[in-house]
Amino acid sequence: MQWLVVLFSLLICLSVRYCDRFSSGTFRILFFDVGQGDAVLLRFPKGEVWLVDAGGGSENWNWGQQVLYRELARMGILTVDVGVLTHPDRDHGMGFLGLMPQITFRELRWNSVFSPTEHPLLANIFELAHSHQVRPLAVSKPIREVVEGVAVRTVPLPAAGSKNDSPLTLWVDFAGCRVLLAGDAEKLGERRLLQVSDGPVDILKLNHHGSQTSTTPPFFARMNPQVAIASVGAGNPYGHPKSSVLHRIAQSRSKLLRTDVSGFIELTLHSGGFFTCRNADGECGQFQCRNGVNI
Ligand SMILES: [Zn+2]
């Protein structure tokens, strides 16, 4: 009888998604290689899935349709619980247009300072979301929630002259590790992030792909990440990440990881208060979490 139970469990675990539901105790963050753009998957300890941006696209190529769908399906993910559009720029939002018809999104969040009437890309995403019964959530004030033991703050930055400086930001805390995802925030956005922040982070996605106008010295000094991720395309025409940013990171104790160099980057946060790193080349380190918080 016992072997039957074992066999049954094994069969169940062949479904990756189902296995994940039992693997409580880890929270995973996957930075996809979507060329010059952003797409970050959050896999919560009991199976909830968020996708923060979905990469870009052009008339004949869409990262969401051509790459993310395949990658998500390979992981057994056919439902995204929350999609987050940090700001309505092509390299962050076009992928939603390719991905949304192929998998189920339950909810889509964006910063309420952006209205579909003023931003055609947002209007297209909004229309598609509506036709697929995706719950729309225009975020106008910070949301604090605990998702399967992970504390998540969704914070919209106020309207600014540039879309980049008004991202919908995510501050994520798990097991003493803090993560910040803030889209393409530049100088003004980073000043505002400093007003929201109450200390360093362990994992920082470099804002605006490591542009010269981001990762400003006061911001980077305060964030003081253990790992900094540059989500960039190989040989991109902007020269991202910029040499000044690379120099700043090289002078610090932060470890830099780049999607154009190592492809995908997966960070696994463990309930024991540490996180490990893996990319296409294999293991890329283990780090102790520094930010104990109450959730
Ligand atoms: Zn961007």
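The values are calculated or read from the model by the stated rules, or taken from the named source; none is laboratory data. Predicted model only: the values in this text are computed from it and were never measured. When we count neighbours, we look across all protein chains shown, and the Cβ atoms used for this are built from the backbone with ideal geometry, even at glycine.
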Worksheet, complete the sentence: When (1) free of Cβ contacts under 8 Å to residues at least 60 places away in the same chain; (2) small (Gly, Ala, Ser); (3) out of contact with any Gly (no Cβ under 6 Å at 6 or more places or on another chain) are applied to residue 54, the one that fails is (3)
Discussion item. All but one of (1) out of contact with any His (no Cβ under 9 Å at 6 or more places or on another chain); (2) among the charged types (D, E, K, R); (3) modelled with pLDDT of 95 or more hold for residue 184; state the number of the condition that does not hold.
Written reply: (1)
Worksheet entry | Test for residue 261: is it within 16 Å of the ligand (Cβ to nearest atom), outside any loop (DSSP other than H, G, I, E, B) and β-branched (Val, Ile, Thr) | no
Worksheet item: Which of the following residues is more than 16 Å from the ligand (Cβ to nearest atom), crowded, with 22+ Cβ neighbours inside 10 Å, within 15 Å of residue 124 (Cβ to Cβ) and of a type outside the set (Val, Ile, Thr): 83, 93, 64, 57?
Response: 83
Worksheet item: Scanning for something within 18 Å of the chain's Cα centre (by Cα), outside any helix (DSSP H, G or I) and not hydrophobic (A, V, I, L, M, F, W, C), does region 128-144 turn up at least one residue?
Response: yes
Worksheet item: Among 154, 169, which is within 15 Å of the ligand (Cβ to nearest atom) and under 14 Å from the mean Cα position of the chain (by Cα)?
Response: 169
Worksheet item: Mind checking which residues of region 61-92 are in a loop (DSSP other than H, G, I, E, B) and among the aromatic types (Phe, Trp, Tyr)?
Response: 61
